[in-house]
1. Using a 1.4 angstrom probe and counting only protein chains, how large is the accessible area of MET89 in Å², to 10?
2. Chymotrypsin sites (Phe, Trp or Tyr not before Pro) within the stretch 19-68: which are DSSP loop residues with at most 15 other Cβ atoms inside 10 Å?
3. With every protein chain present, what is the per residue accessible area of the stretch 1-156 (1.4 Å probe, Å²)?
4. For the residue pair LEU28 and ILE91, what label-to-label distance in nm results when each label sits 7 Å from Cα along the Cα-to-beta-carbon direction?
5. Students often forget the sequence filter, so: which lysines lie under 25 Å Cα-Cα from LYS41 once same-chain residues fewer than 8 apart are removed?
6. Given a Förster radius of 22 Å and the C-beta distance between GLU98 and ARG217 as r, what FRET efficiency does 1/(1 + (r/R0)^6) yield to the nearest 0.05?
7. Share of the stretch 10-52's accessible area from carbon and sulfur, percent, 1.4 Å?
8. Between ASP124 and TRP36, how many nm apart are label points set 7 Å from Cα along the C-beta direction?
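The values are calculated or read from the model by the stated rules, or taken from the named source; none is laboratory data. Given the structure is predicted, the values throughout are model-derived calculations rather than measurements. All Cβ positions, glycine included, derive from the backbone under ideal geometry; neighbour counts span all protein chains shown. With ligands, DNA and RNA removed, areas are computed over all heavy atoms of the protein, side chains included. Shrake-Rupley method; radii C 1.70, N 1.55, O 1.52, S 1.80 Å.
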Amino acid sequence: RGLYLSSASLGVALVGRLFYPPLQLLSLPGLLYGTWRLYHKARTTLEQERRLDVDGLMLLVNVAYISGGYWILGNITTTSYFFSTKLLMVIKDRLQQELITALTQQPRQVWTVVDGQEVQRRLDELQAGDVVIVYAGEVLPVDGVICTGAATLDEHMLTGEARPIEKAVGDQVFTATLLLTGKIAVTVEQAGATTLVARINEVLAQTVDFRSTRQLRMQALTDRLVAP
């Protein structure tokens, strides 16, 4: 709603500037709405974290624009603010869907070691202490520790790390990571269903929810540049 309103206000301000200056007055409500949103967000950061962030800087600039009659520039500021907010929401929702898809598409059957033989069992039947065999190209169905073998794993879905990671006996491995090469036997730490639910909750809480303690790097950088 803020993006649509600020975009419309910017359009009205541009048309008014080019063809009929009094028309710019119609852009003022949208400009004030966007500035109020900036004020509310900047005040929250100032009260809770005792610091001035980039939203506070944008607020000060917009107040100067409004006071000086530079309404086009003010509307550009609010439009860019709402656009970046919308973009972050889209990325957040897309990431959430990717994570949920990856974490729920677990195999129903897994290979386990029983009396020295590889036996196929249902994932939800696994218990702590069972040994699961995972082959190259498969997604790990459980959390556990490698007890046999070595492999290259892709953990980017959980950690964001783009480079494959080499792991061997004694290393921890996690649900929803992809085994790129090798073959490993993993000692299960938790039952399959418990692991899946815990992993979904943990990953969504830590990766999807962009809390103030886990700011985006660029956002943190811009906040540090506010004072200078």
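1. Accessible area, nearest 10 Å²: 100 Å².
2. Here the sparse-neighbourhood loop sites are PHE19.
3. Details: 9170 Å² over 156 residues.
On a per-residue basis, 59 Å².
4. Between LEU28 and ILE91, the label points sit 3.7 nm apart.
5. Counting by Cα, and skipping residues close in sequence, LYS41 has these lysines nearby: LYS86, LYS92.
6. Values: r = 20 Å, r/R0 = 0.91.
It comes to 0.65.
7. Carbon with sulfur: 66 percent of the solvent-accessible area.
8. 5.1 nm
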